[in-house]
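Asks: So that we are looking at the same thing, I have put the structure below in structure tokens.
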Amino acid sequence: MTTPTWREMTHIFARIGVLSFGGPAAQIALMHRELVERRTWLTEDTYLRALSLCMLLPGPEAMQLATFAGWRLRGTAGGLLAGLLFVVPGALVIAVLALLYASYGQMPSVQAAFLGIKAAVIVVVFQALRKVAAKALVGVEGWTLAVLSFAALFIFGLPFPLIIIVAGVWGYTHHAHHIAKAPTHSPGARTLRTALVWGMLWALPLLVLWALDERFLLELGLFFSKLAVVTFGGAYAVLGYMTQTVVTDLGWLTTDQMIDALGLAETTPGPLILVTEFVALLAGFAQSGFWGGLAAGLIALWVTFTPCFLWIFVAGPYLEQISAQPRLSAALGAITAAVVGVIANLSLWFALHVLFDRVGTAGGLALPIPDASSFNPAATALCATAAVLMLGLRLGFVTAMAILAAFGLLIGTV
């Protein structure tokens, strides 16, 4: 393992940040190629252990893996450099796209093009469901957890954090008999100081907003802070919870805007959880115009990614001890199985709201019931085309999205 110069680190991690399209699997593969295979900055064993650690932590695992790599190579400053270079390129693109969308997204031609993008989003969420299910659903227990979490969300509308906590506790306690004694390492003063400093940095803008009585921005910051704590299993897992809250509970966005936000976030480099910035920008723009949107986007970025640095800088020194805890791995496995049900709920929920113009609920339940008279044949045709392009011909999301947007625009003009 070699130690790079600051110039080398800046060049390589900037390259990773700009090229990090395709979701966490592609991003993790890109970092492996750049950091392990080409430059031997990290050993294979260290890289795999770090990946396991990042999967145990809440937040975007690829961004946290980049942060860990930078921290391992050059300490806290290296971790900050690597993490920021992974996020900033995509965050800048998202800011531009969100503000353009807020200004021009309601034009009929734009809406027609976005119908094609929505079709692509349905298929890409289904692809994520298939990939996670293939890895996570092992045996009857995995399938049971997935089905129960799907029912809890789709039918009863139970809170996503509750589902994650119950699944994690189940996995942790149910597999207690598999415990193997792991090395112990008590936190020292340095670890506690690190946690305190980063915890204060996380909370600082929220305290300022509270002091200024900026109620909307404070509510937004608190919501995305909570989201940062429960983001296990990737962005797709938490999108259902975010959608339920910002669309149904808070009314910041419409269902169509949420689907559009995911579609645009898929086209940018960086972690998919940057969709939180897009959502915040649209919500802030609706509340207070351009500057309100910009402030909301910055708050969302801060409370989404500051915790990522906190988790890595606190947990990084204990990589060996954490990765040797079987109960934590069992808890993660149970959470991942439950996440399959969460993504299935998101996939079906998105599909219903694209294929039907009006979707209600059944009684006091969350169960969505589409109005058959509002069936959208154009959307159905675009979804079928998306399935052919992405599942049959295996085109990438960006290419398929461009084709489908063109088809949507064509349908909208005839």
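Asks: Which of Val140, Val110, Val169 has the fewest other C-beta atoms within 10 Å, and how do the rest follow up to the most? List each step's numbers first, then the result.
Replies: Numbers: Val140 8, Val110 17, Val169 13.
The most exposed by this proxy come first: Val140, Val169, Val110.
Asks: Moving to a separate point now. Compute the projected area of the convex hull of the Cα atoms of the chain, averaged over all viewing directions, and report it in nm² to one decimal place. Present the calculation step by step, with values, prior to reporting the outcome.
Replies: Details: hull surface 85.5 nm².
The number I arrive at for the chain is 21.4 nm².
Asks: Where a ≥ b ≥ c are the square roots of the eigenvalues of the C-alpha gyration tensor, would you call the stretch 1-139 rounded, which needs a/c under 1.5, or, failing that, prolate if a/b is larger than b/c, or oblate? Can you show the working numbers first?
Replies: Working: a/c = 2.81, a/b = 1.50, b/c = 1.87.
Here the stretch 1-139 falls in the oblate category.
Asks: Give the longest segment of the chain that steers clear of trypsin sites (Lys or Arg not before Pro) in DSSP loops with at most 10 neighbouring Cβ atoms within 10 Å, not counting the sites themselves.
Replies: Working: sites that count: Lys181, Arg394.
Longest site-free region, per DSSP loop and neighbour criteria: 182-393.
Asks: Continuing with this model, one more query. Could you grab the relative contact order for the chain? Cα pairs under 8 Å, six or more apart, rounded to a whole percent. Please report the intermediate quantities before stating the final value.
Replies: Details: 615 pairs, mean separation 123.1, N = 414.
The normalised contact order for the chain reaches 30 percent.
Asks: Rounded to two decimals, what is the ratio between the C-alpha radius of gyration of the stretch 304-414 and 2.2 N^0.38 Å? Write out the running numbers ahead of the final one.
Replies: On the way: Rg = 21.1 Å, N = 111, 2.2 N^0.38 = 13.2 Å.
That works out to 1.60 for the stretch 304-414.
Asks: For a footprinting-style exposure proxy, rank Phe68, Phe224 by other Cβ within 10 Å, fewest first.
Replies: Placing the least packed residue first, the sequence is Phe224, Phe68.
Asks: As I understand it, the value is the acute angle between the Cα axis of helix 377-387 and the longest principal axis of the Cα atoms of the chain; what does it come to in degrees, rounded to 10?
Replies: So the inclination is approximately 40 degrees.
Asks: So how tilted is helix 189-211 from the main axis of the chain? Cα-based, degrees 0 to 90, rounded to 10.
Replies: 30
Asks: Mind checking the alpha-carbon convex hull of the stretch 77-150 and giving the volume per residue in Å³?
Replies: It comes to 160 Å³ per residue, whole-number rounded.
Asks: Using a 10 angstrom cutoff on alpha carbons, build the Gaussian network for the chain and name the most mobile of Gly360, Gly70, Gly168.
Replies: Gly360
Asks: What 222 nm value per residue comes from the helices of the chain, counting each DSSP H run with n ≥ 4 as -39,500 (n - 2.57) and dividing by all residues, nearest 500 deg cm²/dmol? Please report the intermediate quantities before stating the final value.
Replies: Values: 16 runs with 304 residues, N = 414.
The helix-only estimate for the chain comes to -25000 deg cm²/dmol at 222 nm.
Asks: Moving on. Round to the nearest 10 and give me the degree value, 0 to 90, for the angle of helix 108-136's Cα axis relative to the longest principal axis of the chain.
Replies: Orientation of helix 108-136: about 40 degrees from the principal axis.
Asks: In addition: What list do you get for Met401, Met9, Met200, Met55 if you sort them by fewest beta carbons within 10 Å?
Replies: The order, fewest Cβ neighbours first, is Met200, Met55, Met9, Met401.
Each value in this text was obtained by applying a stated rule to the coordinates, not by laboratory testing. Source: prediction; values computed, not measured. Heads up, the Cβs are rebuilt from the backbone with ideal geometry, glycines too, and the neighbour counts pull from every protein chain shown.
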